[in-house]
Amino acid sequence: MSKPDLLLVAGLTPRVVEQLEKDFTLHRYCDAEDKSAFLKDVPAGIRFVATGGSAGCTREIIEALPDLEIISSFGVGYDAVDVDAAKEHDVRVTNTPDVLNDCVAEVAMALMLALAHRLPEADRYLRDGRWESEGSFPLTAELTGRKLGIIGLGRIGKTIARLAQAFQMQVVYHGRSEQPHQPYTYYSDPKTMARDVDWLLVIAPSTPETQGIVNRDVLEALGPEGRLVNVARGDLVDEEVLIEMLSSGGIAGAALDVFAQEPHVPEALRKLDNVVLLPHVGSATHKTRAAMGDLVVRNLRAHLKGDPLPTPVA
Ligand code: 8YV
């Protein structure tokens with residue numbers, strides 16, 4: 001029996017591709033130079049799409065595949081999938097939640113530690129021979145006893161909160177609504193929370209409601225002693241205002257894993273000393289990426305067999 005056709009919208013890991021090839025015939029939209037021409041030429045009757053990262057699974061793609069049944073997306077955030085178009089056409093969408101919680105939470109803590117103790121700068125100081133020529137590195141700050149405000153107390157947010165508590169940080173949060181049975185104080189307004197915390201950490205999904213949530217008002221409320229961490233999506237923070245505030249001392253620093261126009265990171269941000277910048281590596285360990293990839297495949301195979309989907313999006 002011939003294998004069903006699958007459109008590969010994003011270039012996924014070799015491990016995922018290898019597994020998919022066992023059950024599907026892959027059509028590599030991700031590698032096509034002329035995307036529209038490629039879409040016109042794909043075989044009729046494609047029911048499966050695999051995608052991920054920032055590669056958009058757009059309305060154009062969804063509507064070009066009238067028999068499409070499922071989009072399996074690599075990553076917990078599925079903002080690059082046009083979910084409205086999928087819904088309209090009865091296409092199911094899956095993502096890869098939970099398996100990345102610990103990894104992203106570790107990276108969030110690593111970013112906070114790196115920024116507080118100025119670790120990348122201290123490393124450069126030593127390598128540049130300045131310890132020998134200029135003496136001790138300047139004194140820094142620590143996390144212990146500080147107050148952390150989390151925007152987005154979802155699965156990853158809760159994991160970060162638990163790690164932060166181990167550092168004796170006081171955790172508070174903002175989200176769409178107050179969650180019952182959480183030990184952390186809830187703020188309905190991000191600006192009020194920003195005023196009250198030392199660290200503001202963003203780990204909410206990118207939706208029309210959260211885009212630009214960290215705006216000038218919130219950053220001004222965070223203030224000259226406050227630090228921002230973003231491990232969610234670049235579009236939750238007004239990047240231009242952030243650069244302005246970091247440059248003028250309006251806030252003390254920022255640690256960022258995500259940016260507005262990835263992989264482009266503004267030169268003005270790269271020049272600053274009071275930032276720690278990572279190339280979107282929150283989930284980028286062998287173990288976590290393998291688990292995420294396996295979930296992409298499990299969702300597609302479940303759909304193929306008519307079994308319940310392991311991780312459909314709400
Ligand atoms: C990945 C992510 O880096 O899960 C997410 O939403 O942003 C990250 O884990 C992303 O999916 C890239 O493939």
For this session: Any residue in the range 50-77 that's modelled with pLDDT under 95: show its pairings with residues that are away from the ligand (no atom under 14 Å from the Cβ) at Cβ separation under 7 Å, as long as the two are six or more apart or on different chains.
Result: none
For this session: Please specify each residue of the range 84-97 satisfying the condition of being under 21 Å from the mean Cα position of the chain (by Cα) and either more than 11 Å from the ligand (Cβ to nearest atom) or surrounded by fewer than 16 Cβ atoms within 10 Å (Cβ to Cβ) (or both).
Result: ASP84, VAL93, THR94
Problem set entry | Identity of the residue in the range 240-287, touching a helix residue (DSSP H, G or I) at 6+ places or on another chain (Cβ under 6 Å), among the β-branched types (Val, Ile, Thr) and closer than 19 Å to ILE156 by Cα, that ends up nearest to the ligand (Cβ to nearest atom) | VAL258
Exercise. Which one is nearest to the ligand (Cβ to nearest atom), of the residues in the range 14-33 that are crowded, with 16+ Cβ neighbours inside 10 Å and under 22 Å from LYS287 (Cβ atoms)?
Worked result: VAL16
Problem set entry | Which listed residue, of VAL107, VAL16, is closer than 30 Å to ALA260 by Cα and under 19 Å from the mean Cα position of the chain (by Cα) | VAL107
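Here is a yes/no grid of residues against (1) crowded, with 19+ Cβ neighbours inside 10 Å; (2) more than 16 Å from the ligand (Cβ to nearest atom); (3) not assigned by the TED database to the domain that holds GLY11:
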| position | (1), (2), (3) |
| --- | --- |
| LYS35 | no, yes, no |
| ALA44 | no, yes, no |
| SER54 | no, no, no |
| PHE74 | yes, no, no |
Exercise. In this structure, is GLY282 of a type outside the set (Phe, Trp, Tyr), at pLDDT 95 or above and part of a loop (DSSP other than H, G, I, E, B)?
Worked result: yes
For this session: Confirm whether GLU106 is farther than 30 Å from VAL229 by Cβ and either of a type outside the set (A, V, I, L, M, F, W, C) or within 16 Å of the ligand (Cβ to nearest atom) (or both).
Result: no
Exercise. Is there a residue being in contact (Cβ under 8 Å) with a residue 60 or more places away in the chain, out of contact with any Pro (no Cβ under 8 Å at 6 or more places or on another chain) and not in a loop (DSSP other than H, G, I, E, B) anywhere in the range 27-40?
Worked result: no
For this session: Quick one: in the range 56-72, of everything that is within 16 Å of the ligand (Cβ to nearest atom) and closer than 14 Å to LEU295 by Cβ, which residue is farthest from the chain's Cα centre (by Cα)?
Result: ILE71
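The values are calculated or read from the model by the stated rules, or taken from the named source; none is laboratory data. Please read all numbers here as calculations on a predicted model, not as lab measurements. Here the Cβ is made from the backbone with ideal geometry for all residues, glycine too, and neighbour counts use every protein chain on show.
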